[in-house]
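J.: Here you go, one structure.
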Amino acid sequence: MFWIGAIVSLCYVPGITGAYIATQWPVLSILLPFALWRSGPITAAHWAGLAFLAYAAARLPYAPIFNDGVFGLWLVFIMAGSFWLGSTVDNLRGLYAGLVLGASVSSAIAVLQAFGYSDIPRISTAPAGLYVNSVQQGMILALVAVALVSERMWLWLPALAPGLVLSGSRGAFIALAAGVASVYVRGVWILAATACAALFFLVYPLSGSDAVRMTIWNAAAHNLTWLGLGPGSFFSWAWPYNGSILYPEYAHNDALQLAFEYGIAAVLPIGIFGFVLTRTAEREWPVVVAFLVAGCYSMPLWVPVASFLGCVVAGRVVRGWALARRDSDGSGSDVLSWFALRRRHAGTAGDGLVPVVAHH
């Protein structure tokens, strides 16, 4: 797990490996299929995810711009692969160590940028390290920091602090505060308290970016449909704003963007994360809290490193629940993936044994 975290977090160098489509998405497309060879529990959450993938694929022909639709569908499959990877592992410390390696490099570059280093391009005025945008930099570093705190990996934290502070992202600080608080206070009610604090913190004073965000929310909410406009449709969406054309690309609210693109079917992924949110006893729960808090006013589900981390953690929480349920009442089954089952069958065919799925 360390190496996949390190590779994903270090493979993207703005200006060298591209900027429009971050390199992490193609790298994840290459690495995640290997997770199909791993075994893990199949739960209702997995079936809901498969149903959502099928619906997203069926809606591809209805996307306003086909290329954007393919891109959006591609990202959904990467999210699903990340979720499955998380549901096959018992410990994420190695992954966190790999991710923090890249996050530390990004933080160090942000310090250099603050002192005038400009060889790595960025689209924000604040230092952004490897992540082009300071908002993305702050969000990713905040999520990784919460993961480290949840595992008591204290020695890595100082390396992230400069980049997090230099990002100047209020949203990152809110997600960080919510995640760290949830390490010590295990209760869903903490989200309500965070929401109240975040609302005040984000809109007082109301900045220009806040006003644009609220305009996007209002316009998106008034254009929701039962079936959704199709995968990637938000990337294609534009409307007049202050005498020009606004292309937001993201709704800056993950649930709203899912509902915009997939309509009523958005209840499937939202329901999965909602269930994960109720598993307050799981070690990874604080990372889920930080991820969902950030998703209320930003787009962690559509940012490669943040999306990968959030979906892997969600899968790991579901695995913890499934195995605990199996051990406590004997229900459920530890099911092998199709590829793992094929491999196991090939390994036993020579001795006449028939591979079986272990039922408990």
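The values are calculated or read from the model by the stated rules, or taken from the named source; none is laboratory data. Everything numeric in this text was worked out from a predicted model, so none of it was measured. Backbone-built Cβ (ideal geometry, glycine too); neighbour counts: all protein chains shown. Note: accessible area is taken over every heavy atom of the protein model, side chains too, but ligands, DNA and RNA are not part of it. Shrake-Rupley method; radii C 1.70, N 1.55, O 1.52, S 1.80 Å.
J.: Could you tell me which of rounded, prolate or oblate describes region 1-141, using a ≥ b ≥ c as the square roots of the eigenvalues of the alpha-carbon gyration tensor, with rounded for a/c under 1.5 and, failing that, prolate when a/b is larger than b/c and oblate otherwise?
T.: Taking the square roots of the gyration eigenvalues as a ≥ b ≥ c, region 1-141 is oblate.
J.: Let me cross-check residue 284: its accessible surface, 1.4 Å probe, with only protein heavy atoms counted, in Å² to the nearest 10?
T.: 10 Å²
J.: Which value, in Å² and to the nearest 10, is the accessible area of residue 173 when all protein chains are kept and the probe is 1.4 Å?
T.: 80 Å²
J.: Hey, what did region 1-152 get for relative contact order, percent, Cα under 8 Å, at least 6 apart?
T.: Worked out over region 1-152, it gives 32 percent.
J.: Which FRET efficiency value, to the nearest 0.05, is calculated for residue 241 and residue 119 with the Förster distance at 30 angstrom and r the Cβ-Cβ distance?
T.: The calculated FRET efficiency here is 0.35.
J.: If you don't mind, there's one more thing I want to ask. Can you tell which of 141, 165, 233 lies farthest toward the positive end of the dipole of the chain, using +1 and -1 charges on the Cβ of basic and acidic side chains (Lys, Arg; Asp, Glu)?
T.: Value computed over the given set: 141.
J.: Quick one: helix 134-150 against the long Cα principal axis of the chain, what's the angle to the nearest 10°, folded into 0 to 90?
T.: Approximately 40 degrees, to the nearest 10.
J.: Turning to a different aspect of this structure: Under a Cβ-only charge scheme (Lys and Arg +1, Asp and Glu -1), can you give me the dipole magnitude of the chain about the Cα centre, in debye to the nearest 20?
T.: The dipole magnitude comes to about 400 debye.
J.: On to the next question. Ordering 327, 210 from largest to smallest accessible area (1.4 angstrom probe), what's the sequence?
T.: Sorted descending by solvent-accessible area, the residues read 327, 210.
J.: Helix 189-203: angle to the longest alpha-carbon principal axis of the chain, degrees 0 to 90, nearest 10?
T.: 20 degrees
J.: Ok, one more. Give me the net charge for the shell around residue 75: Cβ to Cβ below 13 angstrom, other residues only, Lys and Arg +1, Asp and Glu -1.
T.: -4
J.: Can you compute log10 of I(q)/I(0) for region 151-196 with the Debye formula, treating each Cα as one identical point scatterer, at q = 0.18 Å⁻¹?
T.: For region 151-196, the Cα-only Debye profile gives -0.65.
J.: What distance in nm separates the two pseudo spin-label positions at residue 36 and residue 281, each 7 Å out from Cα along the beta-carbon direction?
T.: Roughly 3.5 nm, to one decimal.
J.: Still on this model: Protein chains only, probe 1.4 Å: how do 196, 311, 296, 11 rank by accessible area, largest first?
T.: 196, 296, 11, 311
J.: Using a 1.4 Å probe and counting only protein heavy atoms, arrange 143, 176 so the residue with the most accessible area comes first.
T.: Largest accessible area first, the residues go 176, 143.
J.: Identify which of 171, 179, 116 has the largest mean-square fluctuation in a Gaussian network model of the chain, with springs joining Cα atoms closer than 10 Å.
T.: Fluctuation is largest for 116.
J.: How far is helix 66-86 tilted, in degrees, relative to the longest principal axis of the Cα atoms in the chain, given as a value from 0 to 90 rounded to the nearest 10?
T.: So the inclination is approximately 50 degrees.
J.: Which length gain, in nm to one decimal place, applies between residue 221 and residue 48 when the Cα-Cα distance is subtracted from 0.36 nm times their residue separation?
T.: Computed gain between residue 221 and residue 48 is 59.8 nm.
J.: Sticking with this one: Say R0 is 35 Å: what FRET efficiency, to the nearest 0.05, do residue 16 and residue 77 get from their beta-carbon distance?
T.: E(calc), rounded to 0.05, equals 0.85.
J.: Something else now. Taking the simple approach of a point 7 Å from Cα along Cα-to-Cβ for both residue 155 and residue 211, what is their distance in nm?
T.: Calculated label separation equals 5.0 nm.
J.: I've got another one for you. Restricting to DSSP H runs of at least four residues, report the calculated mean residue ellipticity at 222 nm for the chain, -39500 (n - 2.57) per run over all residues, nearest 500 deg cm²/dmol.
T.: -19500 deg cm²/dmol
J.: With the contact rule set at Cα under 8 Å and sequence spacing of 6 or more, what percent relative contact order holds for the chain?
T.: Computed value for the chain: 25 percent relative contact order.
J.: State whether region 1-41 is rounded, prolate or oblate according to the following rule on the C-alpha gyration tensor (a ≥ b ≥ c being the square roots of its eigenvalues): a/c under 1.5 gives rounded; otherwise a/b larger than b/c gives prolate, and the remaining case gives oblate.
T.: prolate
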